[in-house]
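Structure record follows, encoded as structure tokens.
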Amino acid sequence: MKKITSIAILLMLVMTRMPAQDVIVIEYNGSTATVTVPDNIPDVIPVVNGTNVTIISNTTQKEYTYQVKGASTDGSLIINGSYKLTLQLAGVTLTNAHGGAVIDVECGKRIAVELADGTVNTLSDAAMGSQKAAFYIDGHAEFKGGGTLNVYGKLKHAIRAKEYVELKGSTGTINVLGAVSDGIHCGKGKVNNENNYFLMKGGIVNVFNVGGDGIDSDDYGVIRIEGGTLSLNIKDGDGLKADSTVTINGGKINISVKGEDCKGIRANYAVNIAGGKTNIIVEGDGSKGIKAKRYESGSTVLNGGELNISGGEISVQCNGKNLYTESDITKCVAVSVDTDLKQTAGDVYIIVFDEALAYTLGGETYQGSETHTGGTFNIRQVPWQVKTKDCQYDMTAYVVVSNNDERLTNYDAVSIGAFIGDECVGYGIFDEEDYGVIRIKGNDDALAQSVTFKLYSFSDQSEYNLTPNETVTFQENASMGEPSNPIVLNYKMKLNGDANDDGEVNAEDIVAITNYIAGKDGDVTEENADVNGDGVVNIADIIAVTHIILGN
């Protein structure tokens, strides 16, 4: 004890004994820190060096609460011990500017992290040192409490636990506002270890501006989502990544990944979706919305590779193209399953753009299969590449489409796109017959620019210009039209052989094409007159029109 006391004095120990309770208070105040230990806790020894606090806990039987509050621009907290504890963040703003984790709990047991109700807590490390994360727990991390936690990981991960991370139903908000690597990382490295998982039962989790994955359950780890709201906006990594399974039973999940060859959800064994609402947008070339991977040998988990859907609502939007390298082609796919896709219930909506694929089954050594015994499985192909991933502004247009003054009620065989110049900046979603919604995006150079519209018909593989009944210009956060009074987009369907564009193919069209070839006056719609599609209106098209009239 004398040796500990002498070290404590050398490092400017500040310790106050207070009436009996089980709460140790660590408070930061600018360039100083104070630790208050109750009189009835003899087995906790604090060491304070300016704003760097080290707690040595020798308890083996009683769980203590460590309440952290106050603010410092260069401080840290390390707790060493071998017994479980509660870490209460009660309004702390702490930056470790000299290297190392901001908070490092080295106890190897269950650590309850309580976000005190009504508090905002912010942790940030520095881009130096050897820390694994800004907020590191060597053990099991269980989050609870209705407060808010903001974390920046400027060297590697933002939050990391050596084993599992669990968010209780009472959890408030966790914001990962930046990280060089993963937003939240967990996993220990033991086969079939039940303690390797990320489990979300409630709360709100937002992960932005990370260089790695949004949530990574490493080393045979699993991910389970049962409730709460999870939003991942990932620039160059995967959204949810598990070394074994990803299981979604509830909650709301929004995932956006923007990098090349990235995955919205990646499981190195299987993906199981039984509930909740999952929305995935992938924008990078060669990327996948959902990837269920099968391993043959030399990996964390062998075999697997299934996607099992038994409930919930899943929306996958795939904006990217294939990724071409000198030696290979990585396909852009909304749902990529190395073995089997099985659906017994739930609703699946897939939207793919340009050359992206809706789904692929099987691999080099396994012939995949699909079964749908319940639910819905909807695929919509959009023929344009929509380049909106880096746009900062957006507006909304409520529209309907009219063909020859007759309003469309079925949009299964067509796609509607919005354009600024030659670039597609939005597409239409028509879930109802009464109107559709187009989200139009752009940057500063798009402001006040005219927005045009096109329709692509899959039945005749033709593109048509749409004429709006009012001028549409791009404006930040604007809304044009409304559900009860939408903008009307008009077009005329191509009719092969209808050279004079009167809605019928008859002898008058032969006359019109003949006059056109001879250079005489007369209106001819070249698109309809070029019946054989060779780009030239000539005698061959007159013969083709004759065959159409004769019913050949």
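The values are calculated or read from the model by the stated rules, or taken from the named source; none is laboratory data. This structure is a prediction, so every number in the text was calculated from the model and none was measured. Quick reminder, even Gly has a Cβ in these numbers, built from the backbone with ideal geometry, and neighbours come from all protein chains shown. Only protein heavy atoms, including side chains, enter the accessible area calculation; ligands, DNA and RNA are left aside. Shrake-Rupley method; radii C 1.70, N 1.55, O 1.52, S 1.80 Å.
Which residues, counting only those in region 165-195, are modelled with pLDDT under 95 and surrounded by 24 or more Cβ atoms within 10 Å (Cβ to Cβ)?
C186, G187
Please specify each residue of region 209-227 satisfying the condition of being open to solvent by 10 Å² or more (accessible area, probe 1.4 Å) and either under 16 Å from I280 (Cβ atoms) or among the β-branched types (V, I, T) (or both).
Those that are open to solvent by 10 Å² or more (accessible area, probe 1.4 Å) and either under 16 Å from I280 (Cβ atoms) or among the β-branched types (V, I, T) (or both): D213, V222.
Does region 422-469 hold any residues that are on the phi < 0 side of the Ramachandran plot, open to solvent by 40 Å² or more (accessible area, probe 1.4 Å), touching a strand residue (DSSP E or B) at 6+ places or on another chain (Cβ under 6 Å) and in a loop (DSSP other than H, G, I, E, B), and which are they?
Y435, Q449, N469
From the residues in region 473-488 that are open to solvent by 90 Å² or more (accessible area, probe 1.4 Å) and polar (S, T, N, Q), which one is nearest to the chain's Cα centre (by Cα)?
My answer is N477.
One line per residue, one yes/no per condition, for (1) of a type in the set (A, V, I, L, M, F, W, C); (2) in a strand (DSSP E or B); (3) touching a helix residue (DSSP H, G or I) at 6+ places or on another chain (Cβ under 6 Å):
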| position | (1), (2), (3) |
| --- | --- |
| A334 | yes, yes, no |
| T344 | no, yes, no |
| V352 | yes, yes, no |
| G374 | no, no, no |
| D390 | no, no, no |
| V400 | yes, yes, no |
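Which of the following residues is touching a residue at least 24 places away in the same chain (Cβ under 8 Å), open to solvent by less than 20 Å² (accessible area, probe 1.4 Å) and within 19 Å of L123 (Cα to Cα): T51, T73?
Criteria check complete, one pass: T51.
For residues in region 307-333 being open to solvent by 20 Å² or more (accessible area, probe 1.4 Å) and among the β-branched types (V, I, T), which is modelled with the lowest pLDDT?
T325
Any idea which of (1) in a strand (DSSP E or B); (2) under 21 Å from S310 (Cα atoms); (3) open to solvent by less than 30 Å² (accessible area, probe 1.4 Å) is the one G250 doesn't satisfy?
Tallying (1) in a strand (DSSP E or B); (2) under 21 Å from S310 (Cα atoms); (3) open to solvent by less than 30 Å² (accessible area, probe 1.4 Å), G250 fails exactly one: (1).
Evaluate the following for V511: is it aliphatic (A, V, I, L, M) and at pLDDT below 90?
Details: aliphatic (A, V, I, L, M): yes; at pLDDT below 90: yes.
For V511, the condition - aliphatic (A, V, I, L, M) and at pLDDT below 90 - is met.
Anything in region 54-70 that is of a type outside the set (S, T, N, Q) and open to solvent by less than 30 Å² (accessible area, probe 1.4 Å)? List them, or say none.
Answer for region 54-70, where residues must be of a type outside the set (S, T, N, Q) and open to solvent by less than 30 Å² (accessible area, probe 1.4 Å): I55, Y64, Y66, V68, G70.
Could you check, for region 280-290, whether at least one of its residues is more than 24 Å from T171 (Cα to Cα), open to solvent by 30 Å² or more (accessible area, probe 1.4 Å) and aliphatic (A, V, I, L, M)?
Yes, region 280-290 contains a residue that is more than 24 Å from T171 (Cα to Cα), open to solvent by 30 Å² or more (accessible area, probe 1.4 Å) and aliphatic (A, V, I, L, M).
Give me the pairs: first residue in region 392-414 and in contact (Cβ under 8 Å) with a residue 24 or more places away in the chain, second residue part of a strand (DSSP E or B) and of a type in the set (F, W, Y), beta-carbon distance under 8 Å, and six or more apart or on different chains, which are they?
Between residues of region 392-414 that are in contact (Cβ under 8 Å) with a residue 24 or more places away in the chain and residues that are part of a strand (DSSP E or B) and of a type in the set (F, W, Y), the close pairs are V399/F453; V401/Y491; S402/Y491; N403/Y491; V414/Y456.
What single numbered condition from (1) open to solvent by less than 30 Å² (accessible area, probe 1.4 Å); (2) not β-branched (V, I, T); (3) not in a loop (DSSP other than H, G, I, E, B) fails to hold for G237?
(3)
Restricting attention to region 489-504, which residues are open to solvent by less than 40 Å² (accessible area, probe 1.4 Å) and part of a loop (DSSP other than H, G, I, E, B)?
G497, D498, A499, listed by residue number.
What number of residues in region 88-103 are of a type in the set (A, V, I, L, M), in a loop (DSSP other than H, G, I, E, B) and open to solvent by 20 Å² or more (accessible area, probe 1.4 Å)?
First pass over region 88-103, keeping only residues of a type in the set (A, V, I, L, M): 89-90, 92, 94, 97, 101-103.
Filter once more, keeping what is in a loop (DSSP other than H, G, I, E, B): 97, 101-102.
Going one step further and asking which of them are open to solvent by 20 Å² or more (accessible area, probe 1.4 Å), we end up with 97.
Counting residues in region 88-103 that are of a type in the set (A, V, I, L, M), in a loop (DSSP other than H, G, I, E, B) and open to solvent by 20 Å² or more (accessible area, probe 1.4 Å) gives 1.
Y152 fails exactly one of the following numbered conditions: (1) closer than 24 Å to N308 by Cβ; (2) aromatic (F, W, Y); (3) at pLDDT 95 or above. What is the number of that condition?
Y152 satisfies all of (1) closer than 24 Å to N308 by Cβ; (2) aromatic (F, W, Y); (3) at pLDDT 95 or above except (1).
For S336, are the conditions met, namely being hydroxyl-bearing (S, T, Y), crowded, with 24+ Cβ neighbours inside 10 Å and in contact with a Lys or Arg (Cβ under 6 Å, 6 or more places away or on another chain)?
Judged against the criteria, S336 is a match.
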